[in-house]
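Written below as structure tokens is the structure these notes are about.
Just so you know, all these numbers are worked out from the coordinates, no wet-lab data involved. Computed from a predicted model, the values in this text were never measured in an experiment. Cβ atoms come from the backbone with ideal geometry, glycine included; neighbour counts cover every protein chain shown.
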Amino acid sequence: MADTVQFDLVSPERRLASAQVTAVQIPGADGDMTAMAGHAPTITTLRPGVLSAEGPDGTTDYVVTGGFAEISAEGISVLAERAIPKADMTKADHDAMVKEAEEALANAKEVFVNEPGPVDDAAKLLADMVAVGDHISV
């Protein structure tokens, strides 16, 4: 049997997961990564996407909208801005997230005139949020 590692997923509202897992697929801001036992210590920011935790009892997927992941010898801790079990995700949830990202982009365009960095960041957030819809069946 593959080595397991402690995995914790927490959002501001609640703890969504605390379990022994064999791997966690993380939608990192700089690219997707898979964390397993023995992984090098790492801290990364999250982008909107699907986080998957694989364990002895199967795989559980969560939709996350941002936050941080810390991988250490003690385990994998994910602090998500927002996290919803993929099985609980509704079309209304996804539509609301996309609408928030659209509003953030519109606001960035108003506030940061001639400053492409924040506008580009908001546009990427919107693109990532729309892409989440391709990975969920709502």
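Tell me the trypsin sites (Lys or Arg not before Pro) within the stretch 1-102 that lie in a loop according to DSSP and have at most 11 other beta-carbon atoms within 10 Å.
Qualifying residues, ordered by number: R14.
What value does the chain have for Rg/Rh, both radii from Cα atoms and Rh as Kirkwood defines it?
My calculation puts Rg/Rh at 1.01.
Where does helix 116-135 land angle-wise versus the long Cα axis of the chain, in degrees 0 to 90, nearest 10?
Orientation of helix 116-135: about 50 degrees from the principal axis.
Figure the gain on full extension for V10 and F112 (residue separation times 0.36 nm, minus the Cα-Cα span) and round it to one decimal in nm.
Here the answer is 33.5 nm.
Less than 11 Å from a label point 7 Å out along the Cα-to-Cβ axis of I43: which backbone N atoms in the stretch 60-76 qualify, by residue?
It comes to 68-71, nothing else.
Relative contact order of the stretch 89-135, please, whole-number percent, based on alpha carbon pairs below 8 angstrom and at least 6 residues apart.
Relative contact order for the stretch 89-135 comes out at 44 percent.
Report, in degrees rounded to the nearest 10, the 0 to 90 angle that the Cα long axis of helix 91-111 makes with the longest principal axis of the chain.
Tilt relative to the chain: about 50 degrees.
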